[in-house]
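The values are calculated or read from the model by the stated rules, or taken from the named source; none is laboratory data. Just so we're clear, the structure is a prediction, and the values are computed from it rather than from any experiment. Positions of Cβ are generated from backbone atoms using ideal geometry, with glycine treated the same way; all protein chains shown enter the neighbour counts. The accessibility values were calculated without ligands, DNA or RNA, using every heavy atom of the protein model including side chains. Shrake-Rupley method; radii C 1.70, N 1.55, O 1.52, S 1.80 Å.
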Amino acid sequence: MSSFSRSSRGRNYKSGNHGSSHYKKKGLFGDLFEGFGSGSGRRNHNNQNVYETQNLPRNQQAVTNQPINNQNTIVCSSCNSQIPTGSKFCLQCGQKVNISPFCTNCGEKLPPGAKFCLSCGTKVN
Amino acid sequence: MFAKIKTKYVGKKISSYTIDTLIGQGRYGICFLAHSDDNQKVVLKKFKTKMFIKNAKKNEFEAVILSQLQDKRIPQLLGVINEKGFYGFVLEFKYGLTIKELLFKKHHKFSDKEIYEIGSKLIGIIKYLHHNGVVHRDIRIPNVLYDHGDVTLVDFGLARWSNNQYPFDMDYSYLGDFLLYLFYSTFESTKRSKKKPWYVELDLTDDQKQFLKKLLRLEPTYDSIDDVEAIFLKLFKC
Ligand SMILES: Nc1ncnc2c1ncn2[C@@H]1O[C@H](COP(=O)(O)OP(=O)(O)O)[C@@H](O)[C@H]1O
Ligand SMILES: [Mg+2]
Ligand SMILES: [Zn+2]
Ligand SMILES: [Zn+2]
């Protein structure tokens, strides 16, 4: 299986000069298996779930993609492994985390209802 | 290969979920449709264990970003499973067929009206993500579900918090490519038309072509998804 690579995946930008020979084909190996077995017993009902929209960290500025590793790192109460800031679950054992809001710019925990990060000043939603 | 995976997993109980079918397989893992004891439908996205360990730091983004988003147009992260031989995420199941299935299994031809509806709804989802600092980076036909007018975007495996390394315009380029698949659904190729680019083959207005060229960076691109939305709504309304 490892010999299959998804040629189109992970490339940063799409080529802009393709035509019918590209768009009329469903793609090579990489995409071959996607959607497999989906024909039967699956979906096609109206989705009835309704979620309230929450306040979310709204941030269009540059944010770091370095895993945030500072004094705020949460340690799992169940398995003691470190949980990446912002994850709803321990990625090691699956234990649910009560996530407190955090600054998407610097990772500092935010007190409930905070409008600005007390550490770096980034505006919160 | 499928038969093997099927007999290995279908009907099996993983954590508190029972696996019903195999719904997709990619480079990083396998997706199953499953249900909980109280009959809630979920997707179990199982990672190849080796891949996960190798990419552990990268895989964190999918979990953290999904944890931070809450919108009915994207699946919620419902849990993380780590049992022997099975590492994966539990995701809210979303109804619909992928655009890829509609195009290449159902041979669906998208009308201008449908393209307008799907395009504007997908742009709405991208707008929600970008306004929350997230760039998706994998907006492709197998990752967009369509169900009676509802559009859902799945697969946050490549999503990142946007920064200089991950600018938002990556998503514009994928959006342009995505829209071209829809336009080509009604294009009948003649043998001789091979190898011509879309802007020669497709019957679009000059403004529409320019919009797509800007998305695809053949011309300087847009500043924000809000601009993309405004122009799309203006040029493709029917
Ligand atoms: N939440 C979901 N609801 C319904 N179908 C889904 C969901 N997530 C994924 N799928 C289906 O499973 C396929 C593979 O899942 P995806 O997250 O895209 O994994 P991969 O990284 O392997 O591409 C998708 O193309 C889609 O058909
Ligand atoms: Mg995918
Ligand atoms: Zn844990
Ligand atoms: Zn901060």
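A compact table of results
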| read-out | value |
| --- | --- |
| Complete set of residues in the stretch B:1-21 that are facing another protein chain (nearest Cβ under 9 Å) and touching a residue at least 12 places away in the same chain (Cβ under 8 Å) | B:Phe2, B:Lys6, B:Ser15, B:Asp20, B:Thr21 |
| Subset of the stretch B:22-72 [among the β-branched types (Val, Ile, Thr) and within 11 Å of chain A (Cβ to nearest Cβ)] | B:Ile23, B:Ile30, B:Val43, B:Val64, B:Ile65 |
| Test: residue in the stretch B:144-151 that is open to solvent by 20 Å² or more (accessible area, probe 1.4 Å), in contact (Cβ under 8 Å) with a residue 60 or more places away in the chain and part of a loop (DSSP other than H, G, I, E, B) | no |
| Enumeration of residues in the stretch B:142-174 that are out of contact with any Gly (no Cβ under 8 Å at 6 or more places or on another chain) and either within 24 Å of B:Glu219 (Cβ to Cβ) or within 16 Å of ligand 3 (Cβ to nearest atom) (or both) | B:Asn164, B:Gln165, B:Tyr166, B:Pro167, B:Phe168, B:Asp169, B:Met170, B:Asp171, B:Tyr172, B:Tyr174 |
| Subset tally (residues that are farther than 15 Å from B:Val80 by Cα and at pLDDT 85 or above) for the stretch A:75-114 | 5 |
| Residues being within 13 Å of ligand 3 (Cβ to nearest atom) and open to solvent by 50 Å² or more (accessible area, probe 1.4 Å) - total across the stretch A:94-125 | 2 |
| The listed residue being in contact with a helix residue (DSSP H, G or I) (Cβ under 7 Å, 6 or more places away or on another chain), surrounded by fewer than 17 Cβ atoms within 10 Å (Cβ to Cβ) and within 26 Å of B:Val134 (Cβ to Cβ), out of B:Leu212, B:Leu175, B:Leu182, B:Leu233 | B:Leu233 |
| Which listed residue, of B:Lys113, B:Lys109, is open to solvent by 10 Å² or more (accessible area, probe 1.4 Å), more than 9 Å from chain A (Cβ to nearest Cβ) and either more than 30 Å from B:Thr21 (Cα to Cα) or within 16 Å of ligand 2 (Cβ to nearest atom) (or both) | B:Lys113 |
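The rows are residues; the columns are (1) closer than 30 Å to B:Val43 by Cβ; (2) in contact (Cβ under 8 Å) with a residue 40 or more places away in the chain.
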position: B:Val154; (1), (2): yes, yes
position: B:Ser162; (1), (2): yes, no
position: B:Asp169; (1), (2): yes, yes
position: B:Phe183; (1), (2): yes, yes
position: B:Glu188; (1), (2): no, no
position: B:Tyr199; (1), (2): no, no
position: B:Lys209; (1), (2): no, no
position: B:Tyr222; (1), (2): no, yes
position: B:Asp227; (1), (2): no, no
